[in-house]
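We did not get these values from a lab; they are worked out from the coordinates using the rules stated. If you're wondering where the values come from, they're calculated on a predicted model, not measured in any experiment. Cβ coordinates were reconstructed from backbone atoms using ideal geometry, including for glycine residues, and neighbour counts include every protein chain displayed.
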Amino acid sequence: MPSEEVRLFTCLVLVVVLCGAAAGLAQEAKPADPTVAKMTVADAVEWTLGEQYEKVIVTVSGPFDHWGLEFAAGEPVLFKPFGADGQALPDGRYRYELRPVPVLSPEAKKALEAGRKTGKREETSRLLLMSGELERRPKVWSGVFAVRDGKLIAPDPNAKEPRGKGGQK
């Protein structure tokens, strides 16, 4: 006989799947995903994302260092060209990667937590993917910029665009 924890987990996943299916039926047809990440370069590199997210994880790698940054929803997503000591970053090419963390419903968060606790993480994720609560291919944007003489240099506008949906490589 299944334990109460397993029954609760199964019910929670079923509720999330049914809610996701109902929400999907209720939505009108939408045009292709308009989400983009735009980058501007001035005194800092700033990215603007055209979607709602819980947070954005930014990774920047340069000639001698790398940084991992997190920005909450509503915070400006930017990178300043100065080290922890306040000195300008060394000249060179810098690579960045943006990973927005999507906003999940409270039910989906509970289901994921229950899946972790019961060891059914993969099954839960698969059910949430089928219901549309999780994205099959999370959005990731990447690119480069440079620093020369302590100043940011915008990437070449003629460079090839990243491949894939939403700027994914």
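Observations on the structure shown:
- Multiplying the residue separation of E70 and R137 by 0.36 nm and removing their Cα-Cα distance gives an extension gain of 22.1 nm.
- Since only P100, L134, A72 are under comparison, the one whose Cα sits farthest along the positive direction of the charge dipole of segment 64-136, derived from C-beta charges on Lys, Arg, Asp and Glu, is L134.
- When each of K38/K120; K80/K110; K55/K110; K38/K151; K55/K117; K38/K80 is checked by Cα-Cα distance, pairs over 27 Å: K38/K120; K80/K110
- Rounded FRET efficiency, nearest 0.05, which uses the C-beta distance separating S105 from L78 and R0 of 25 Å: 0.30
- Placing +1 on the Cβ of every Lys and Arg and -1 on the Cβ of every Asp and Glu, with nothing else charged, gives segment 64-139 a dipole about its Cα centre of roughly 400 debye.
- When you filter the chymotrypsin sites (Phe, Trp or Tyr not before Pro) in segment 66-109 for DSSP loop state and at most 13 other Cβ atoms inside 10 Å of their Cβ, nothing is left.
- Note on Q87/T40: beta-carbon distance plugged into 1/(1 + (r/R0)^6) with R0 of 22 Å gives a FRET efficiency of 0.40.
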